[in-house]
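Heads up: the structure comes next, in structure tokens.
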Amino acid sequence: MLNENIKIIRKSKGLSQEELAIKLNVVRQTISKWEQGLSVPDADMLIAISEVFETPVSTLLGENIAETKADDLRVIAEKLEVINQQLAHGKAMRQKTIHWLFISLCVVIVAGFAVLIELNSPYLGWDYSHPETAFVGVVFHAFEWLFIRIAPLALIGAIVGACRSGFRGGTRGIK
């Protein structure tokens, strides 16, 4: 909600991301990250944004409060903490998904090797005098040839990816 409000109000004020960044003394990429919901401004920056927009902080946060509270900074900080927790939870879930995708890729590659070993290249004994048989045999051989050469590299990459995504702490605290 905060990211959408920043973008909507910025556009309604006729400001580009670059112009807003200059007014706030940040880089344009920071504005972009806020508007994409990849990060959130801290409480002091939120107040600066509200001053540039000439808009109450409560409006940026998506509330319509008629009267201002004495402890606005504390309320803003609490709301930002909730937003940060939501972003962290989303990042942890993405990290966990990536971790399991790497593990699944490892399983698929190992299963592919097992199937190829069990089949023991049956196309080698086929009669290649018929065009249909020759075509299918060449396709099987090409697949097996590519798989045997590419799969070990993919397996090593998947193992490294699974280890790195599991050790980054992205799966800790997820219930």
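A value for Kirkwood radius over Cα pairs in Å was derived from the coordinates, and within the list (i) 18.9; (ii) 21.0; (iii) 16.7 it appears as (ii). Ordering 118, 81 from the fewest to the most neighbouring beta carbons within 10 Å gives 118, 81. For segment 136-152 and segment 21-52, compute the distance between their C-alpha centroids and round to whole Å. If you average the Cα positions of each part, the centres end up 52 Å apart. In the elastic network of the chain, a GNM with C-alpha springs shorter than 10 Å, the most mobile of 41, 56, 131 is 131. Taking the number of Cβ atoms within 10 Å of each Cβ as an exposure proxy, the fewest-first ranking of 22, 49 is 22, 49.
Pick out the long, greasy-scoring helices in the chain: whole DSSP H runs spanning 30 Å or more along their own axis by Cα, mean Kyte-Doolittle at least 0.0.
Values: long enough: 72-119 (70 Å, 0.82); 131-167 (52 Å, 1.27).
Helices passing the filter in the chain: 72-119, 131-167.
Dipole of the chain, Cα-centred, from +1 at each Lys and Arg C-beta and -1 at each Asp and Glu C-beta, to the nearest 20 debye?
Working: 18 positive and 18 negative charges, 67 e Å.
It comes to approximately 320 debye.
Across all C-alpha atoms in segment 85-167, the radius of gyration and Dmax reach 18.8, 66 Å.
Counting Lys and Arg as +1 and Asp and Glu as -1 over every other residue whose Cβ lies under 15 Å from the Cβ of residue 126, the net charge comes to -3.
Just so you know, all these numbers are worked out from the coordinates, no wet-lab data involved. Values in this document were obtained by computation on a predicted structure and should not be read as measured data. Note: ideal-geometry Cβ built from the backbone for every residue, glycine included; neighbour counts use all protein chains shown.
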